[in-house]
Each structure stands twice: as structure tokens, then as C-alpha cells.
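The values are calculated or read from the model by the stated rules, or taken from the named source; none is laboratory data. Treat the numbers as computed from the prediction; the structure is a model and nothing was measured. We place every Cβ from the backbone using ideal geometry, glycine too, and count neighbours over all the protein chains shown. These area figures cover heavy atoms from the full protein model, side chains too; ligands, DNA and RNA do not enter into them. Shrake-Rupley method; radii C 1.70, N 1.55, O 1.52, S 1.80 Å.
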Amino acid sequence: MIMSAKNFPRLPVLVAARGLLSGTALLAVCALAACGGGGGDGSSAPERQFGAVVVAKTDPGPASPSNPGPSTPTDPGPASPSSPGPSTPTDPGPAPPPSPAPSTPTGPGPAPPSNPGPSTPTGPAPAPPANPGATPSTVPAPPTPAGPSETGSPATGQSTSTPGPQLKDDPSLPLLDRILSVLRQFVPMSSTDGSATSLWDRLKAAITQVLAPAPPVTPDPDPTPPSSGGGATPPPSIIDTLLEAIRDLLEPSDLAVGRLLSQASFGASPASIEEVKSKGLAGWVDAQLAMPVTTTYLDAYDLRWRDVNNAFPLNEPGQLQNDFYGVWWKRAVNDPDQLRHRVAFALSQIFVVSFNEPDLASSGSIRTSVAYYDVLYRNAFGDYRTLLDEVTRSPAMGIYLSHLGNSKEDANGVRTPDENYAREVMQLFSIGLWKLNADGTVALGADDQPIATYSSEDVSGLAKVFTGLSWSGLAKVPNDRTFAARAVATGASATSPMEIYDSRHSTSEKRFLGTVIPASATPDTAGDLKIALDAIANHPNVGPFISRQLIQRLVTSNPSPAYVKRVAEVFANDGAGKRGNLKAVVRTILLDREARDAARGDSRVYGKLREPVIRTAHLIRSFSGQSMNGLWQNVRTSALGQEPLTAPSVFNFWRPGFVPGGATKLGGQAITAPEFQAMTSLTNAEWANHVASAVATAVPGTDVKLDLSREIAIAGDSAALVERVAMLLLGGRISSGLRSATIRAVESVALPNAGDTSAARANRARLAILVIATSPEYVVQR
Amino acid sequence: MSNFLATRRQFLKIASAFAPLGAAAPFAFDLASMSAHAADAASDYKALVCIMLAGGNDCHNTVMATDAESWDRYWKARWVGADPIALMPIGKAPLATRAESDLKNPDGSAREVKPSSPERWGGVIPITSGQAVHPLLKSLFGSESPWSQRRLAVLANVGPLVEPTTKAGMVSRTVRVPHSLLSHNDQVAIWQSSMLEGARTGWGGAMADAMTSANVRSTFAAISASGNSLFAAGRETIQKPIRSSDPAATTINNTAQGANPFGSSNGVASASLREMVQAARAVSDFEDDYAEITRRALSDAATLNAAVAKSTGAAALTTIPDPVTGNLNTTLAAQLRMIIRIMKVAPELGVRRQVFFVSIGGFDTHGSQNTSHSRLMAQLDYALSYFDAQTRALDLADKVTLFTMSDFGRTFTSNGSGTDHGWGAHHLVLGGAVAGGRIFGAFPTLGVDGQSPGFQNPDMLGRVLIPSTSVFEYATTLGRWFGLSETQLRTIFPSLSRFGQENIDFLPRPIS
């Protein structure tokens, strides 16, 4: 056989397919469990997670082949106690006490209602051996793999420090969805040797061969799964869909590639399309997730400043937010670690600071904001608790939400600490106003009413925690005015985390979210911060609250509750017992069936409006735009309704729950569409003008010019030209109406029979891009 | 500090009581049909202009009580912390930057006047025997001002309420109060629509809906200079966004939409683009709604721009000095100037009833309040004075009523350099029809319980004002003047009957 060891990771797919085609979903699940090395001796049922069954781990890791997923600890995170040390047991009010997220595996607890029954997972599957290498297989025999430790190929980016997530199967789903879901989880392994095609052929042949006889092996012992698949041979359409889905993972179509790049990058470029095609969808995602931070924004910014001005020192007057934009656009367009930048940009719309705050836009303060963007960029694939800590300690956030220089209350009780950060860190950065179910829907109390997550007392209590922070490097006991000075510090202080000044920190009792920090004789800012941020980060709302918003920024405005739940479960536990692993969260968001199935786009309410900033970057990336002097000056998009790090308020450009008003189709169905909050007839017209300017000369006001040479080269063939533009902007999915209108527009530019036709060809290319990029068909990412 | 927000138990009680706007009926249709009679009578022109002071204006440094006891409490609450925010008492002369202040810092140290120190602006301006306003509101409240000439009124202590609310009722938790008090987005939504965040129609839009038949063309019945506002969003009336400078509306320009862009011929490319840019394929609701927004850009922008281009007379804006340093931007005044130009050509636009929304941000003054709030007061003073002068000059003053709105008031006490979120707040109403020169509503007692021995304030819970006038009462008074019938008003504000005060007489009740 030619299948190399590198290809081994795909083996489980074959087994999974065989399981499906044998006629029962259970077979597939169990086969997968066997492949993944889970299940130990195969006799114990996998653990249930609220209807999900943990069946295996993709990456058991070399050191833990015998320790499958289910035995992960119940501890939701590194900060273990939900009521940290100093807390008293007194529960002051309605706020739900922090507790482990509901999806944390806690052993065989009460069976969730959606689980069809305790015997399900064990079923009549082929006895799952502990070693996947020994899995019986009727498919064309692959070489014996080296062992389970290779299932997590180093090339996939699942580094040893980040164990891959557990495979999950939700029996409440229709059969096809179950299979696709499991397959997706199992095929993160990329094709790195270019043999994808032959692999695909083999796979297809194998599946077809197994399909041909299609004998139901055993009657399904449990008819309850609400799927259509119980025991019967799946209809051919399901098989086709399955094949298509497998192919998209291994050898993706233009549409699959285009969709992923719209969700996970700043838009498709010719190079990134090739990259995804060669790595496969999951392979590309994993490769992206494995990319480390190379250059910080601050370093990039400082280098640019030196280049522009040929001058040091930094922090000098004259620096403007435009200089930040210059760095931002250059990197969004050019950097290879697209997913990290895209997630950082998404986070910048959740953990908002903005140049709209004059104290952050003032000359000399820009580096403070740039350093803040680095917090998001560095932690984009890190863990939430660290991110929350760094956000809290950032001087840019300290200025923006005014906890920099926040002083303990006066002894007489009249002056109380600033409540700004205390309020917004709960309302916007972590838990939100209402208690949520695990799937992100609002939980209702016994009386059918929503339940507030916190009261104004919690805000006042928490505000005392956020006292005692200011610029680093002040005197150990700063006076009132030094401590509270918002004027930007110079030197390292401008970009360093805020420092603790215990003399300014409240020592009185602090109550919030069911936690009580008793009054103390001496201030302990660091200890209080840890208790408070642990309490916030461990609140069960965080997973669904943050997950849903990340899904909205990347994939779709109206994720199903089940999708939110799947992601939130990974937030609660990445499979290795770790809570808040954003890398695992992002991976789950992007590889979820609700993100990947192109057919979902057929729903009239799936997808999202492409964000104006991302549209602009996409246009530049697709058509190889570059700044002529390399500085990316004056790329401004506020007239389009969005500009990096420049939201109108801490509530971002749009709210996650925004529903368009008036006589809109979305509004009529109460469909959420956050980006519409900033879309007006002004912004829409402006978008058309931006595209027109970009194709005509340059991105408005800039020296960023597109390179249309590849389009011009084929502009003599209008169909080929439109096909290419559609491939870059739409993943090749273009309606016949848009295609024919674009072709008409293109062909209305006559090509002279002889002589220099380059001008006409260029105009054809421009028109093709203009018509497609301004169409609603493009503006909506489906 | 006492907690004024409900416990969960109380909170839940509230939820069912706080009926969403229009929950009673699909009122868009109701309103339209009800307005049939109003249409015939509406031969004149009227406009409402809402100014959103976004972020929550510090009402306590906008209008303040000046009797000795109140001032003492004010001073003790605000001359505290690293950057005290108390304004100077009546009659105090301004001091120059770098002068030595005759005041001491709260920590007892000597004090030099900084560019943003309150000493620079002098004493607050008395407007009644017991109240004064921020010293930088001098054009609005000084001599020969809209206040002194009785076109400008103050409405004291307004805020969202479910029902008349007393401190005793709150302490005993027997009164229902709105959801999510102190939360920006929710309180903005409640102010503008009576619903929490997620609301889709505001009462400005509802009033435009009600007056539909007064307008030949509803396209320009609700206009926002600040993007998609909730306030101006109607069920049927679609707010028209405008810019604050020419052109009033962005059009798709000639690069894209010329007769034959990019060397195309016979108008084919132009037609293709025009068709595709607003193509609603009925495949995706996101696409169709986006297409519809673009369609409006194509259909309305040119009409509006042509009319506004001919609208002259509104004086050019001048630069205004920044009370801290340098010059200030005049964004708010620019928005108002554009609105005046639009009002002037209303007949051409086919409208006799218009609702406008403008916004000025930056009022969330948790920190650096001396700098930021003084700038905002100066901008407000300039913009409203400009509006007053220009509408009078153009014979529009009697036909337009301008009013302010804000997320909430702020805490009476300083947090050291600013103020935190509150509830009730004072607001301004300006126009030729306004019974100006008076403070309407009950001006509250100010001060925190126990601030002086035995002091108990019935009007504040903790550090925030309990509103004595409901937003609905405020809005109803405006709507009645605008021409809505009592039935229409009660449809928009179903809980109105809980409040005793049907018309606040800053605007006259129409003669029926």
C-alpha cells in the first residue's frame, strides 16, 4: 500500500464511514471510540455530557495512551475553588454562586433527557480494542500505523501542550449530523504530502465498496435516537452528502475554502486559497492555530514609526491613531497568521477600548492602545482567565473604563470608588445581564422571568476590588493626583500593565456574585483581584456568553442554541480539563457542522453581514493590493460603519442582540443581525464608492493599489474573468443573475481587435469586481 | 450604601409589569388609521428634535440647587478626591490658568488652577431664586438668552418609571421599577422605546407613524443625523440617515454610477450595477434587507441632496473656544444646522411633520469629568443657541421643539474625578412654543442620606435621583403638541394612565 504513516490519521474516517454504512450510528460512534483509544477495555460507557457522549480523544498524547477523555478532572480550571479562600459562606443575594460549568464531565450523573439511554454507547459495535491500530477493518488495508500517539500529528498544530478536544457525539441529532460531526472532529489531520487526491480516491472507493452490499449488521438495539437512520441503509443522498463532506475536509471545494476563509481570515487571497486546498480545511485551521505570535503590534508599530519619521524616541508627540491603523491594515492584509489576527479583531469587539476616547487618541498615547491590541493578539489562542487578567491590568482599559487611578472609598463613605469597570467587566466581558442556559439562551426562573446575574450591590462591591491600580512606576505610595493622573505615562509605563498601589486599595468588605471578601486590616490588591477575576471567569455564563459572540464575529449571527452549547462545552472543558481554552473554542467554532455545512447557507437567516473592515481587507487581499510606500497610511473605514479599535462606545459598533427595526425581513422574524446596527443608506452607498475607488485607482485616500494583472490576463474571456472574481470573493458560488449581469457589464467594454487592449481589459476586470463586490450576494457571508 | 436596585424577587415582579411598547396592539396600523382626522388639520409644519446626550449627562453639574444647605451638601459630595468636580458658587469670578486658587485641594494642599479646573469658568449662573446652571451654559441661560426670553425650559428629574415611585416604596420594595437600571444600552433603549435592549421601534418613530397621513412622502418623516437610532425607528416610518455636511446623503458616485463607468458603453454596466447593488434575490433575508437599505440610498439621496442644496439661510458655524484649551469641534451644531436646512425645505420634501434625532457622545464621565463635561457643556451651549437663533431668523422657531434625552443621570457624589451611573436627570426643552424661563416638574432635594447629621433625602436612593416625572409624561407632552390624539398617545404609552400628570405645561395643551 502506498498510504504512508503520515496519512494514518485519516484511517478513523474509513472506520467511521464503515460504521455508518453498516447501518447504525452506534457502530460509527463505537468504532470511533475504538479508534481513538478511548473506552479502555471497551466495557464502560463513555461519559455523558448533557446529551453528548465523549467517545475519544483525537490526541491522547504520547504519555497518556491509556487515559482517555472521560477521566478528566472535574475541576473547571486552574483557579479551582469556586468560592476562593477568604470567602465567607454567606450568600448575599440572588447572584448565582460561581460553580463549575454545567458541561464539565462529572462522571455518570443523572442521565440528561436527550440521551437515549444508558446502553446506547456500548451497543453491538465491533468490540472496541484499546489500540486503534488493531481495529478490524474491511476497507483496503492501510499499513499498520505506529500507534495511537500518532493520531495527533505534529503537523496539525495540536502541540503536545494543547491536547486536542475530545470527540463528541450527540445522539439527539439526526444520524447524518451525528456522523458528520464525529468525522469533522476526527479529521483535523492535514494532508501534508500532497497525496490528498489519491487518498480521496481510496476513501471513496472504500466507502462505495462497503456501501454496495449494505447489509444491516445488527438490528439497532435502541430505536429512540430521533434520527432517520435507525438500522436502515442510509439513502444515497445521505451518502452523497457524507462523501461531499469528507471531500471538503480532505480536498475542499472552492466554496468550502471560500467559506472558511471568510470566517477565519480577512478574506480569501489567491495564496490562502491554495494553502487551504493543500492542507484541507481542518488542517489549515490547525496550522493556523499552531502559529505563534511572531511580531507584536507594539514592535511593528515602533518599527513603522521609526521608518516613517526616521526618529526615536518613541512616545513623542505627533503619533496618531492613523499610525496604529497603518500597522493594523498592513498586518490584516499580509500576515500569514490570519486566524490569530481575525480572532484578535473579534476580541477587540468584545473587550472594547476605542480611540473615540480622547485620552486614548491623544498624541503620544497611541502606544498604550497598541499595547492593548497586543493583549488581544497574544491571548487570542490563549486562555480566557489570562486574557481577562491582562485586559483588567491594561492601562488602555484603565483609561477607557476609568479604573486607572481608582481610589478606595473615603472614610466617611460619601465618595465611593468608580464603578465603571466593575459594571462593564460583568455586563460585557464575561457574564452579561441575564443568567444563561448552557446553550446561550436566557434562563428563566420558576416564574418564567429572566434572572439577573448581578445587582447594583454587586457592582458597588466589585468596584472596590478595582481600586489601587495605576500607571506602573509611580512612587510606592503615590499622592492623590499622581495616582489618578490619566495623562499618559512615558517610557515603559505607557505599555506596561498597571501596577498595584496597595495604599489606594479598599480594605472594606467586598461582596459580588455570591463571593464575599471580608474586611481586612491590610490591603491586598493582588489577592482581591485574583478572587474577583476567578469568580467572574468561573461563572457558568462565561462559556455561552463569550462563545456565542465569537461565533457571531466569525460565522453566523444566529447560531443555533445547540451550536452555542457545543462551543460552550469546549469552553468549559477543552477535553483536557482546562476551562477557557480559546484555541479549542475557536477550533470548535470553525469546525462545527453549523459552520462547515455549506447547505446551511440555504437558510434565509444563516450567515452574517460581512463586517465593513473585513470586506475592505478581503478586497485588498483577493486582488493583491499593497501600499505603494509600504506604510498603509490613511486607510479609513469609519464611513463604512466600522474602524479597528474605534468603536463608538464600549458597546461596540453593534450589539450582539441587535435586531433590525422597521419593515425589515429580519426584524419581522426577530432575527439577530448585529452588523445591521451600523448599516445605513449612507454606509451602503459609501461601500460602493470605496470599491469603485479601489478598482479605479486606490483605496480611498490611500496609496493602496490593487494588482489586477491576473484578472486582466483573462479579461478577454468574460466568463472566465467573472468566474475568477467569483472564486475569490464568493468561493465560486455565484447566482446566475449576478453572473449574467456581471458578464453584461464586462462585455459592454469593447476589446479592440488590434492594438493595445490593456486599458480595456483592466476596465473589464474593474467592472467585474465592482459589480460582484457591491452586490448583497457578496456582502452577506453565508 | 443602600441598594436601590431590586432584589431578584422584586426584579421578577417588575418584568411582567413593564409592558413593552406596543405590546398591546400592532399599533402601526392603529396609529395610521387613527391619524386620519389629524391629517386634515395638519396644514402647518411641526418638528420634534431629540438631542441625545449619549453616555448619561451629569445633571448635577448641569442644573444645581443653590440654597445654602443644598450647596453645602453639593460641595461636600463633589469637592473630594484627586480632581474635585464641584463647580464654583454663584458670583465667583473666573481665575486664570496657573493662578493660585483660593481653595485648597481636598487633601488640604495648596492648589494651582489648571486648564480644566472649575475655578477657570467662574461661578454657576443663577436661573431662579434657588437654582443655577453650569457656568458654560451662558448663552442659553445668561442675559438676553432663550431662557430669559422664555423659549427654554428645564424639566427636573425625569427618568424611566413603571409607576409613580417613592423612596418609601422602593425601600419597602412595593413599587415596580424598570429593568436594568444603570445599564447604558438598556436605559437608552428604555428612554427611547420603553423596552430593553433589543427593542426595534422608538417613540419618535411611532409618532412619525401616527402622523403618516400628514406627510405626502414618509421618506423624510424621521431623520437621524446619528445613524440608526432606536428613537426614530418606526414600524412603517423608516428613519433617513443624514450627514452633517453637504451632501446631506451619500450617493453612489460617478466612478461607479456614471453613465458609462470604466469605459463601458450604452449604459449597460451602469444598469447592471444598479440592478445588482440592490438585488433582493429572496434567498437570504440578510441580503434582502441589505439590498433594501441600498435601494433607499439610490432612490432618496438625490432628492434630499437637491432640496438641501437650495436651502440657504442657516448661518455658517463659527469656531468656539475650548473651555480647557484650544478650540472645540462643532459637530453637534453642524448636525443641527443640517436639520434646519432640511426643515426649511420640508414642503419640497413632502413633509409637514418631522422627527429628528441627533446625538452627542462623551457624557459617560466616570473620570476626567472637569475636562470632558466642560467641553460638552460648551458644545451644547453653542449648538442650542445657534439652533435658537437660526430657527428664529428663518421663522421656524414656533414650529420646532427641541428636547434633550440621556441614558440616565449620574451619582450626586464624585468618585474622585467623575461620577457614576444614576437614574433621574434634568432635561432641556427649547422652542418658540415652549413656556420657557421656568423649571417644570419637582426639583429634587439633593444630598446623600446621612451626609449631615440626621439628613434623610426622600428624592434620592443612595447616590442617585429617583425620578419624579416619567419619560412617558415628558414624551406625551411633546407628542400632544406634535399633533397626536389622546388615543394615539395612549396607544404608544399604554401605562400613561398610571401617572397623574398628563400634560407638563412646558408646552401648551392644544385647544380642542
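Points worth noting:
- A 1.4 Å probe, protein heavy atoms only, puts the accessible area of B:Tyr386 near 20 Å².
- Taken residue by residue and averaged, Cβ atoms of other chains lying within 10 Å of the Cβ of B:359-368 number 5.
- Longest exposed-site-free window of chain B, the sites being GluC sites (Glu not before Pro) in a DSSP loop that have at most 16 other C-beta atoms within 10 Å: B:145-501
- These residues, A:Ile712, B:Ile90, go from largest to smallest accessible area, 1.4 Å probe, as B:Ile90, A:Ile712.
- From the Kirkwood radius over Cα pairs of chain B, Stokes-Einstein at 10 °C and 1.306 mPa s returns a whole-number translational diffusion coefficient of 66 µm²/s.
- Region A:530-598 - charge dipole about Cα centre, Lys and Arg +1 at Cβ, Asp and Glu -1, debye rounded to 20: 120
- In the context of the full protein assembly, B:Trp147 retains an accessible surface of approximately 20 Å², using a probe radius of 1.4 Å and ignoring ligands and nucleic acids.
- Residue mean of other protein chain beta carbons inside 10 Å, A:579-589: 0
- Modelled spin labels at B:Glu69 and B:Asp398, positioned 7 Å past Cα toward Cβ, are 4.5 nm from each other.
- Region B:145-198 shape via C-alpha gyration tensor axes, a/c threshold 1.5: oblate
- Local electrostatic count at B:Ile190 - Lys and Arg +1, Asp and Glu -1, tallied over other residues with Cβ under 15 Å: -2
- Charge sum, other residues only, whose C-beta stays under 10 Å from B:Ser374's C-beta, Lys/Arg counted +1 and Asp/Glu -1: +1
- Virtual spin-label span in nm between A:Ala750 and B:Phe455, 7 Å along Cα→Cβ: 8.7
- Computed per residue of chain B from DSSP H runs no shorter than four, each worth -39500 (n - 2.57), the mean residue ellipticity at 222 nm is -9500 deg cm²/dmol.
- Overall, the accessible surface of region B:29-184 at a probe of 1.4 angstrom is composed of carbon and sulfur to the extent of 54 percent.
- Applying 1/(1 + (r/R0)^6) with R0 = 25 Å to the Cβ-Cβ distance of B:Glu348 and B:Arg243 gives a FRET efficiency near 0.85.
- Selection from A:Ile536, A:Ala595, A:Gly641 lying farthest towards where the dipole of region A:523-645 points positive, charges on Cβ: A:Ala595
- Straight-line cross-link reach from A:Lys565 at under 16 Å between alpha-carbon atoms covers these lysines, not counting any fewer than eight positions away in the same chain: A:Lys168, A:Lys435.
- Using a simple spin-label model with pseudo-atoms 7 Å out from Cα toward Cβ, B:Asp102 and B:Thr487 lie 6.5 nm apart.
- Chymotrypsin sites (Phe, Trp or Tyr not before Pro) within region A:538-591: DSSP coil, no more than 12 neighbouring Cβ in 10 Å: none
- Checking the cross-link pairs A:Lys583/A:Lys665; B:Lys138/B:Lys310; A:Lys277/A:Lys665; A:Lys510/A:Lys583; B:Lys310/B:Lys399 against a 25 Å limit on the alpha carbon distance flags A:Lys583/A:Lys665; B:Lys138/B:Lys310; A:Lys277/A:Lys665; A:Lys510/A:Lys583 as lying beyond it.
- Interface size, chains B and A: roughly 7000 Å² of accessible area buried, both sides included, 1.4 Å probe, rounded to the nearest 100.
- Entry comment: accessible area of region A:589-687 is 25 Å² per residue, from protein heavy atoms only and a probe of 1.4 Å.
- Mean accessible surface per residue for region B:123-162, computed with a 1.4 Å probe while every protein chain stays in place, in Å²: 30
- Residues whose placed amide H lies under 5 Å from that of A:Val780, excluding near-sequence neighbours: A:Arg610
- Shielding of B:253-260 by partner chains, average beta-carbon count, 10 Å: 5
- Set of lysines near A:Lys476 by C-alpha distance (under 19 Å), chain-local residues within fewer than 8 positions excluded: A:Lys408
- When you count the other C-beta atoms within 10 angstrom of each residue and take the mean per peptide, A:323-336, B:447-460 line up highest first as A:323-336, B:447-460.
- Each residue was assigned an accessible area with a 1.4 Å probe, and for A:Val308 the value is about 50 Å².
- Exposure rank, largest accessible area first [A:Thr702, B:Thr477; 1.4 Å]: A:Thr702, B:Thr477
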